[in-house]
Amino acid sequence: MHIMEGFLPSPWWQVWFLVSLPFIIIGLYQINKLVQEKREALPLLAVAGAFVFVLSSLKLPSFNGSCSHPTGTGLGAVLFGPCIAAVLGLIVLVFQAVFLAHGGITTLGANVFSMGIAGPAVAYLIYKVGTRAGANTYATVFVAAALADLATYVVTSVQLALAFPGTAGFLGAFSAFAAIFAVTQVPLAIIEGAVIMLVFKYIVQLKPEILTRLNLLSESTIKKLQEAAA
Amino acid sequence: MKHGMEIAVAALIIVFAAVFLFQDAAIRASLGEGEEAWGGADGAAADLIEASGYEPWIEPFWAPPSGEVESLLFALQAAIGAVIIGYVFGYWRASRKTA
């Protein structure tokens, strides 16, 4: 999903910076609040950020002869919401842009939007709707994380199609970019969903009190989940 | 089942690896001389854009000088993340046992 350095012409790179900026500001404000009011959740925030570090460094071969990487932002989004996930995504994207020439400084705004905001927003909404509807918690986390991964790559395709409609127009360009990004991503999204579901299970087992503190799961749901695993 | 989810995830990863090995054999058989499969999707998108005549207007100010240095930095990125995850989960597990 990384749009390489210099691959977004003006005005698009500025537009995506402006779109992403408010989410980052709200995210920093929310982290600040977390530090002051719910300090015990900080190790969980570190885990969510570390997860993005690990998963986004793994370039996995898909079925169609090209490689891509999962994003790992689904966990942070489910636990802390899309704005904090945007800050986590920003940290990783800066690391990759500066040290790896992977992505870029001018395309940072666009990449933060796809990986840090759009994907996590999808995960967050699915988790909220799923838990409210009483769906199985782990299944909800799986779907949320998998679709967050996929949404990230769909949004990247949209961003590139907007900037490079070419002769085929927006829809034609979108299907060309989506063929590269989104199709490759389908199996990786499923793997990412499964891995994040597993990590969520371990959090429920090891530190359930943080999940109730963050108003993510009720005590009765946690009890049920722990009994099912025992 | 106690480890039902672990088994399911492991099975999924095995299927993923099997599909890769199967596809890799098929793709290699059809490759011409000097062609290489399994490139990155990011690069493929950049190639598609450059094919339309677009030139990137700015270059990265620093890029890893070789594939080896690049894989070092990617491994470092993964290692930083893995250390944090392992530390926190180990800390939680141990403090649960002593509590």
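Each reported figure results from applying straightforward, stated rules to the coordinates on display, with no laboratory input. The shown structure was predicted, so the numbers you read here are calculated from the model rather than taken from an experiment. FYI the Cβ positions are ideal-geometry reconstructions off the backbone, even for glycines, and counts take in every protein chain you see.
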Let me know the mean shielding of A:176-186 by other chains, meaning the per-residue number of their Cβ atoms within 10 Å of its Cβ. 3
Kirkwood Rh in Å, taken over all unlike Cα pairs in the protein assembly as shown: 20.6 Å
For the peptides A:176-186, A:109-119, A:39-49, what is the packing order when you average, over each peptide's residues, the other Cβ atoms within 10 Å and list the highest mean first? A:109-119, A:176-186, A:39-49
Roughly how big is the protein assembly as shown's charge dipole about its Cα centre, with Cβ charges of +1 (Lys, Arg) and -1 (Asp, Glu), in debye to the nearest 20? 1840 debye
Would you tell me the mean number of C-beta atoms belonging to other protein chains that fall within 10 Å of each C-beta in B:2-9, as a whole number? 4
If B:ASP47, A:ASP149 are placed from fewest to most neighbouring beta carbons inside 10 Å, the sequence is B:ASP47, A:ASP149
Using the Kirkwood formula over every pair of different C-alpha atoms, what hydrodynamic radius in Å results for region A:92-227? 16.6 Å
Go through A:VAL122, A:ALA230, A:VAL155 and say which Cα lies farthest out towards the positive end of the charge dipole of the protein assembly as shown; charges sit on Cβ, +1 for Lys and Arg, -1 for Asp and Glu. A:ALA230
Determine the relative contact order of region A:42-167: mean sequence separation of Cα pairs under 8 Å and six or more apart, normalised by residue count, in whole percent. 23 percent
Name the long-range amide H neighbours of B:GLY40: under 5 Å, sequence gap of 5 or more, or other chain; modelled H, no Pro or chain starts. A:CYS67
Expected sort for A:THR107, A:THR212 with the fewest Cβ neighbours (10 Å cutoff) up front is A:THR212, A:THR107
Taking every residue in B:52-59, how many Cβ atoms of other protein chains lie within 10 Å of its Cβ, on average? 6
Using Cβ contacts closer than 10 Å as the measure, can you line up A:CYS67, A:CYS83 from fewest to most? A:CYS67, A:CYS83
Roughly how big is chain B's charge dipole about its Cα centre, with Cβ charges of +1 (Lys, Arg) and -1 (Asp, Glu), in debye to the nearest 20? 1260 debye
Quick numbers on chain B, Rg and Dmax over C-alpha atoms in Å, give 21.2, 65
